[in-house]
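I have placed the structure first, in the form of structure tokens, so that the comments after it can refer back to it.
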Amino acid sequence: MKKLVLLLSVISFFNCSDNTLEQFEELERQNDVKQVAMVSQVEGRTSVDDVDEVAVWDILRYKFEMDLPLVFSKLDESGWISHFVQDRVVSINDYTSEEEKITTFYTGGFFGSVWNTKLPASILAKVFFRRLKSSGYLYTRVKLLGITIKDANHVDAQIFFERFNTSRELMSTSYGLYKLENVEGEWGISEMNLYPNTDETRAFFSTMKTFKGLY
């Protein structure tokens, strides 16, 4: 019941045009959003057949549809970094424009970044959120489209993004194919692949065999 009330509250926020970021933060405090995420039920399992798809779906749906939009709307740099596998080199492959862009960064400390000769995640986050803010960005809607369980600790997630500006106008849309890894019960992003919202992309995503939840 608590999860249902929280979900309805967040949906209500995004559908209301006169809410402010301060009210959004108050909503987070009142519902203790950070404590709502489910504890992974797949830890210790070894094969795909053993994994509870519904449990993984619920965890990732919360991660992408509720927690990540909060992070974006608050321009929370550390919160964004926390969604990735820690102490790891992560790649973002951006195919949304004619020129493919590949960005690799390290999610651990500074010396680890130097050792791996990769950009620190903290610097990337500052640049990314500074650009969002300067573009008139306000909030993001994220839809989890489906998941594909590779093994007990690796999952692919198909998602759809919508970004809105301070006038509540749609800024951009894109699809994402994310690779996630379960490390000590925490699902973190290890790779991001971003695609434009086109007929070709929709056709590509429609061919994937995915679990789409029970709703």
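Values computed for the structure shown
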{"quantity": "Sole exception among (1) touching a helix residue (DSSP H, G or I) at 6+ places or on another chain (Cβ under 8 Å); (2) farther than 23 Å from Tyr175 by Cα for Lys118, by number", "calculated": "(1)"}
{"quantity": "Criterion: out of contact with any Gly (no Cβ under 7 Å at 6 or more places or on another chain) and surrounded by 13 or more Cβ atoms within 10 Å (Cβ to Cβ) - qualifying residue of Gly146, Gly185, Gly136", "calculated": "Gly146"}
{"quantity": "Cross-chain or 6+ apart pairs with Cβ under 6 Å, the range 188-201 first and under 20 Å from Glu98 (Cα atoms), then loosely packed, with under 15 Cβ neighbours inside 10 Å", "calculated": "Asn197/Thr173"}
{"quantity": "Complete set of residues in the range 100-120 that are part of a helix (DSSP H, G or I), under 10 Å from Val89 (Cα atoms) and either out of contact with any Asp or Glu (no Cβ under 9 Å at 6 or more places or on another chain) or among the aromatic types (Phe, Trp, Tyr) (or both)", "calculated": "Ser113"}
{"quantity": "Matching residues, the range 77-106, being without any contact (Cβ under 8 Å) to a residue 40 or more places away in the chain and either acidic (Asp, Glu) or in contact with a helix residue (DSSP H, G or I) (Cβ under 6 Å, 6 or more places away or on another chain) (or both)", "calculated": "Gly79, Asp87, Glu98, Glu99, Glu100, Phe105, Tyr106"}
{"quantity": "Residue count for the range 123-133, restricted to those that are surrounded by 12 or more Cβ atoms within 10 Å (Cβ to Cβ) and either in contact with a Lys or Arg (Cβ under 7 Å, 6 or more places away or on another chain) or touching a residue at least 24 places away in the same chain (Cβ under 8 Å) (or both)", "calculated": "5"}
{"quantity": "Residue match in the range 26-38 (condition: more than 21 Å from Ala157 (Cβ to Cβ), touching a Pro at 6+ places or on another chain (Cβ under 9 Å), part of a helix (DSSP H, G or I) and at pLDDT below 95)", "calculated": "no"}
{"quantity": "Members of the range 95-116 that are surrounded by fewer than 17 Cβ atoms within 10 Å (Cβ to Cβ) and in contact with a Lys or Arg (Cβ under 6 Å, 6 or more places away or on another chain)", "calculated": "Thr104"}
{"quantity": "Strands (runs of 3 or more DSSP E) lying entirely in the range 131-215 (those with 2 or more residues that are basic (Lys, Arg) and under 17 Å from the mean Cα position of the chain (by Cα))", "calculated": "137-151"}
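The values are calculated or read from the model by the stated rules, or taken from the named source; none is laboratory data. This one's a predicted model, so the numbers in the text were calculated from it and none came from an experiment. A quick note on method: Cβ atoms are made from the backbone with ideal geometry, for glycine too, and the neighbour counts reach across all protein chains shown.
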